1. Where the only charges are on Cβ atoms (+1 Lys, Arg; -1 Asp, Glu), what is the dipole of region B:149-227 about its Cα centre, to the nearest 20 debye?
2. How long are the semi-axes of the ellipsoid equivalent to region B:132-268, from square roots of 5 times the Cα gyration tensor eigenvalues, in whole Å, largest first?
3. Consider just the alpha-carbon atoms of region B:162-225 and return their Rg together with their Dmax, both in angstrom.
4. Would you tell me the mean number of C-beta atoms belonging to other protein chains that fall within 10 Å of each C-beta in B:195-205, as a whole number?
5. Can you tell me the FRET efficiency between residue B:219 and residue B:58 if r is taken as the Cβ-Cβ distance and R0 is 56 Å, rounded to the nearest 0.05?
6. In region B:173-232, with Lys and Arg counted as +1 and Asp and Glu as -1 at Cβ, which of these residues, B:222, B:182, B:197, has the Cα nearest the positive end of the dipole, that is, farthest along it?
7. What's the extension gain from residue B:266 to residue B:312 if we count 0.36 nm per residue and subtract their Cα-Cα distance?
8. Output the peptides B:235-241, B:148-154 sorted from most to least packed, where packing is the average of other Cβ atoms within 10 Å over each peptide's residues.
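Coordinate-derived values only; no laboratory data. Remember, predicted model here, so these are calculated numbers, not experimental data. Reconstructed Cβ throughout: ideal geometry from the backbone, glycine too, with neighbour counts over all protein chains shown.
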Amino acid sequence: MSNILNFFDGDDIGEISALIDKLEKSSFDYLKLERDGVCIVIGKNGAGDAGAGNVEIAGSMGVSNAASAVSAGGRVAGRVAGGVAGSHNAAEMGASVSIGNIGAPGTSGISGNLETHGTSEPPGISGTPETPGTPVNGEIVEQDGYVIVRSPNYGLFYTQSEPGAPPYTHVGAMIKAGDTVGLLETMKTFTAISSPTDGEVSAIYVVNEETLEPGQPLMSIQI
Amino acid sequence: MKIYSMIIANRGEIAVRIIRTCRVLGIETILAASEADEESMAARLADRTIIIGPPPTSTYLNVDLMVQAALEMRAQALHPGYGFLSERAELAQACADKGIIFVGPKAEHIEKMGNKLAARMIAIECGVPVVPGSEKIDSYEHARRVADAIGFPVILKAAAGGGGRGMKIVTAEDATSMKQLYDEASAEAAAAFGDGTLYIEKYITHARHIEVQILGDKNGEAVHLGERDCSTQRRHQKLIEEAGAPNISDALRNDICDAAVRLVKSISYENAGTVEFVYDIDEEKYYFLEMNTRIQVEHPVTEMVTGIDIVREQINIASGGGLPFAQGDISFRGHAFECRINAEDPFAGFRPTPGVITGWEMPQGPGVRVDTHCYHGYKVPFFYDSLIAKIIVHGDDREHARRRMVAALDEIVVDGISTTAPFLSEVLTASDFIDGRVHTRILDGLMG
């Protein structure tokens, strides 16, 4: 594959291709990786908001790559490609450029969606735009009849107890106060996040293994 | 062969600690860091830094990545630190295969001592006492037979790991629900270590954790650097360690240290290691627990009382040098404490508190050492453990050292995040601690 707007280098493309291959061979339908303002979503069979056979990548233009790994101080001597290199200043750049689909329809492809995708403004990845509690201009607002469950701390969020296990909850699920709706891993300590109320899960704003900040909305529950 | 360059396959304070000794020895240092640690103190102190992957801990747990980084950076040696890959035989073996000097024991020794059941067999073979129990249990019925034979309480433990996971205490009152506890422990062990195999031991109600620092070289020589007491724990995590152990007789001290040396000599163990014992306060007996085949978090207290730089000795042994001293050359002076300062809120159930450090003042003065990777403005990441600093003090005797520690902790100012320092001050001034009546549940009475 050739370079797209200089956004990715050859290694990155290779990594993404490998991710696509892995997802296609796995039993999972949906994979989202987010780091340092770069977000990669791969879906198949219509899973998530990625659509069938789509790869969505959000980030800024100032992406670091293997060639630019030497930092200003000259001390960072290299990088081992262990993932897709991401920008550290997506929020500052905030460029929003759509570069569309390049994959053949029906197969895995790549679309670059260069927009700020910071962790403080999580995307409403579940639920429809009409659902109350979903983000409006990136803000998730409290509304009568709905309770927003928020992250108690920094950490990595898990929607399931272990890989392969069923998720704790899903949109449309009826839950009771005290039910575990996710796990937060902070400094090797796991905290179960429980629902503060009885109700129906109307939207989930985060995905498995997303990094969270304190107060970040996780899901909306219709009382 | 003299080592001239070394890659540090670790992070945090231990990476800084290792780099410091390398700088003194004139060894070029290369830090293998995740993206989260690109701006860390270790990265600033190392001669070079290679970013090996994204922030999650999996980056520091990837053997292939570490070896690839070592080769790419042409590092002659690799120091694994503690935790992460330090006790993974595959890494030691991969280094050996690629001609990289592994600053640690041989893969076969990591493998042997890493398996608690195999380690227990070795201890039995060289006459080191082990806790009454079975080597391995293959069913609930088997566990029950052993429990009835050695008497309750008993403890079920995962054969493949530690840290409290896969561990269940079964008291006489729990005997009727032992089947359920057995199933839970096995499931936990399988989930945490990929191996549900359990073993069963007599549970020691009033226990102390006493361990012995040892060094062994390629000539089969081994010495001990004395014992440490690490009984002051919270949920199996050590909080305060000291050298030497208080309130034990010299005869017992010598016995334990000799047992440790006997054990490591029996397998011709090379490099630094720690032999851990549990001491039964009621019966005044000690038993072999396990061996850690790496440098320990609490190694500085031993350095303070012996004056020996353990990392330097590790490097000397790894480069093929013989031990520069015999047992008789090692002397012990005074007493030392270490307090682990964690980014946790002791007033909110020890909730982890990652975040930006907006104020940072560490204690100084005679007999005070601070091992840390943190600084003013550092953002403590949430990906890794909560240890942010180790305060180590030395004193003429235990009470002198304890008072120094209390004074040192009082100097600490950390803003922006909560730390366990206030809690540790309380422990240090509790009457049981002052009198050296330490045991593994000493904190239960202090936690309210």
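1. Rounded to the nearest 20 debye, it is 80 debye.
2. 31, 18, 15
3. 17.3, 53
4. That works out to 0 on average.
5. Efficiency, from the Cβ-Cβ distance: 0.90.
6. Comparing the listed Cα positions along the dipole, B:222 ranks first.
7. Additional length available on full extension: 14.2 nm.
8. So the peptides B:235-241, B:148-154, ranked by packing, come out B:235-241, B:148-154.
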